[in-house]
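This report concerns only the one structure given below.
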Amino acid sequence: MARGEKAPRPRSAAIKRSVGDGAPECIGLKKIGRGLTDLLPDGTRECERCGLPMMPVAESDGEVTLECANRHRHTVPLPSDPETRERVRAWIRRRGAQLHVQHERWEAEEEYRIEMEKKQPKLIRPADRHQQTGQTAGMIREEAVHTDGLWAGVVRTEAGRSSSWHHHGTYESVIYVIHGRVHVECGPGGKTKFHAGPGDCIYLPPGEIHREGNDGIDESEIVVVRSGSGELVVNVAGPAA
């Protein structure tokens, strides 16, 4: 250092200034802006969950969304520093098209995985059945299997009750009675009537308008298997003419 030159101020002095008696006053966030984020100098950051690099993929309302290859996401404030902000926006422009292609690939892989799962042998326990399927008043359907072209499940009806009139579109159905007394009304005017007990089967062709009832003293339980496509349950006002 040449004689007479002043020593450079410590870096910390850049965020302090002397007032009055010499006591330092801290410069608040308003004075230095919102450029302090956890982004690295190149506009990326490491994923806290897997450690992979996270790249900016979207900007909205002053915030930047980052995403890693494992699809983990994190949001940080948009840097106020113009150079850093432009670097982040360049990442978003560059990654936008890449991300669109990547998401399409992920979606295709997920669809393939779901389709392959449907084709694998599996054990379906009673707890695995669900009622998120077409329903008709007067009975409760529980779906066990639903694939392209096939539906199978269990249907229960309280003693002394009948379902509303309905049909199953292009599906043909086979009913197998497990427990209770079951009757099915179908045909013109609903005048054809089948009575079935445990071990009996009833076949219904596609589009056959019918209703099922329980003429016993206990709840009936049947297994139904359908083959076809399209809408599974179509509820109607009455029997076919």
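In a residue-by-residue description of the stretch 181-195, the property of being surrounded by fewer than 18 Cβ atoms within 10 Å (Cβ to Cβ) and modelled with pLDDT under 95 applies to no position. Ser60 passes every criterion in (1) among the small types (Gly, Ala, Ser); (2) open to solvent by less than 60 Å² (accessible area, probe 1.4 Å); (3) more than 30 Å from His146 (Cα to Cα) apart from (2). Restricting attention to the stretch 66-91 and to residues that are in a strand (DSSP E or B) and within 19 Å of Glu104 (Cα to Cα), the residue that is most open to solvent (accessible area, probe 1.4 Å) turns out to be Arg73. Output yes when any residue across the stretch 135-146 is in contact with a His (Cβ under 6 Å, 6 or more places away or on another chain), touching a residue at least 60 places away in the same chain (Cβ under 8 Å) and β-branched (Val, Ile, Thr), and no when none is. Yes: one or more hits. For the stretch 42-56, enumerate the residues that are open to solvent by 20 Å² or more (accessible area, probe 1.4 Å) and touching a Lys or Arg at 6+ places or on another chain (Cβ under 6 Å). Listed by number, the list holds a single entry, Met55. Just a yes or no: is a residue in the stretch 97-110 open to solvent by 70 Å² or more (accessible area, probe 1.4 Å) and either part of a strand (DSSP E or B) or modelled with pLDDT of 85 or more (or both)? Taking every residue of the stretch 97-110 in turn, none turns out to be open to solvent by 70 Å² or more (accessible area, probe 1.4 Å) and either part of a strand (DSSP E or B) or modelled with pLDDT of 85 or more (or both). The residue of the stretch 196-222 that is least open to solvent (accessible area, probe 1.4 Å), among those that are small (Gly, Ala, Ser) and part of a loop (DSSP other than H, G, I, E, B), is Gly197. Condition (residue is among the aromatic types (Phe, Trp, Tyr) and farther than 21 Å from Gly230 by Cβ) applied to the stretch 146-159: is it met by at least one residue? No: zero hits.
Just to be sure before I move on: is Ser173 polar (S, T, N, Q) and in a strand (DSSP E or B) in the structure I sent? For Ser173, the condition - polar (S, T, N, Q) and in a strand (DSSP E or B) - is met. Residues that are part of a strand (DSSP E or B) and in contact with a Gly (Cβ under 8 Å, 6 or more places away or on another chain) within the stretch 223-241 comprise Val223, Val224, Ser227, Val234, listed in sequence order.
Checked against the criterion of being open to solvent by less than 30 Å² (accessible area, probe 1.4 Å), outside any strand (DSSP E or B) and either within 30 Å of Ala241 (Cβ to Cβ) or modelled with pLDDT of 95 or more (or both), the candidates Gly160, Gly153, Gly138 yield just one match: Gly138. What number of residues within the stretch 204-234 are over 18 Å from His183 (Cα atoms) and out of contact with any Asp or Glu (no Cβ under 8 Å at 6 or more places or on another chain)? Counting residues in the stretch 204-234 that are over 18 Å from His183 (Cα atoms) and out of contact with any Asp or Glu (no Cβ under 8 Å at 6 or more places or on another chain) gives 6.
The values are calculated or read from the model by the stated rules, or taken from the named source; none is laboratory data. Computed from a prediction, not measured in an experiment: that's the story for all the values here. Here the Cβ is made from the backbone with ideal geometry for all residues, glycine too, and neighbour counts use every protein chain on show. What goes into the accessible areas is simple: the full protein's heavy atoms, side chains included, and nothing from ligands, DNA or RNA. Shrake-Rupley method; radii C 1.70, N 1.55, O 1.52, S 1.80 Å.
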